[in-house]
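Please treat every number below as a calculation from the coordinates, not as lab data. Computed from a predicted structure; not experimentally measured. With ideal geometry, Cβ positions are generated from the backbone for all residues, glycine too; neighbour counts draw on all protein chains shown.
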Amino acid sequence: MLEDTMINIVHIVVPILIVVVSIYAIYLKDLIAAAIAVSAMSLLLSLEFYILQAPDVAIAEVGLGAFLTTAILIIAIRATKKEEEA
Amino acid sequence: MSGMSRIVKTITNVAFPFVMIYGLYIIARGHLIPGGGFQGGVVVASSLAMVLVAYGSIWIVGKVKEKNLSVLESLGAICFIGLGFIGVILILFYSSFEGSFLKNFLIGQDTIPIFNEIGKGISNINTAGIIPLMNFSVGMIVIAGLFVILLVMAYATRIKEGK
């Protein structure tokens, strides 16, 4: 009973956190901070997959979405310069 | 692309072996637990990408060549398709062998006892015949294929920085 209540609460809290972190990813001015926000969104999405009993998809999501996409974004961001310094 | 700060490098040095060994564990136990070749390969490629991002592309020049990664990827594909075709080829040598493409010839068949012995010897840890070997093949393909994308991107940024 208590376990079901906890799982229901997590099912409500995690999607709200996904939406909040996505809004952060849009409104942050620093590009690396925005990339980290995208990574956090993907991590929360993989947590949601795990709660929905798909651990296979969760591992693939946390590898591809939360790590490799962030690595590609950071490589691309560090190859550019800020508008003020250019 | 130059390297990142000393904090990032230190955390990478600590976390890299754990992430890589966890990815290899996901590959090796893929037939028993959630996971498999693709997921474990993604985790191992993530650990390599972590080193690449932390130390920068100037450091990694000359240490890894994308030609070697291409060889690794092709080797994984050849291992996968070869294991599939061994099940067909064995029909030519043993007429009573019920073979087909991707036949699990290392376990549960009576015509070739030596393969059952080999499979039993390995199967003290793995009880699935050729499925772990196929997971390793897929893992090789995924590691090489995902790491070479990041490596080519890092090379491209290095060329731009040199000018």
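Residues of region A:47-58 include none that is within 14 Å of chain B (Cβ to nearest Cβ) and closer than 23 Å to B:Val51 by Cβ. Could you list, in sequence order, all residues of region B:41-53 that are out of contact with any Pro (no Cβ under 9 Å at 6 or more places or on another chain) and either among the polar types (S, T, N, Q) or at the interface with chain A (Cβ under 8 Å from one of its Cβ atoms) (or both)? Matches in region B:41-53: B:Val42, B:Val43, B:Ala45, B:Ser46, B:Ala49, B:Met50, B:Leu52, B:Val53. With respect to the conditions (1) more than 16 Å from B:Met153 (Cβ to Cβ); (2) surrounded by 15 or more Cβ atoms within 10 Å (Cβ to Cβ); (3) among the hydrophobic types (A, V, I, L, M, F, W, C), A:Leu64 falls short on a single one, namely (1).
Quick test for you: out of B:Ala54, B:Ala77, B:Ala49, B:Ala15, pick the one residue that is touching a residue at least 12 places away in the same chain (Cβ under 8 Å) and within 11 Å of the chain's Cα centre (by Cα).
It is B:Ala77.
Among the residues of region A:59-85, the ones that are facing chain B (nearest Cβ under 7 Å), under 11 Å from A:Ser42 (Cα atoms) and either part of a loop (DSSP other than H, G, I, E, B) or charged (D, E, K, R) (or both) come to 0 in all. Residue count for region A:15-35 satisfying the condition of being over 20 Å from A:Glu83 (Cβ atoms) and not small (Gly, Ala, Ser): 9.
If you go through region B:92-112 one residue at a time, do you hit one that is of a type in the set (Ser, Thr, Tyr) and touching a Lys or Arg at 6+ places or on another chain (Cβ under 6 Å)? Looking through region B:92-112, none of the residues is of a type in the set (Ser, Thr, Tyr) and touching a Lys or Arg at 6+ places or on another chain (Cβ under 6 Å).
Selection of region B:23-40 for residues being surrounded by fewer than 15 Cβ atoms within 10 Å (Cβ to Cβ) and either more than 11 Å from every other protein chain (Cβ to nearest Cβ) or touching a residue at least 12 places away in the same chain (Cβ under 8 Å) (or both) yields B:Tyr25, B:Leu32.
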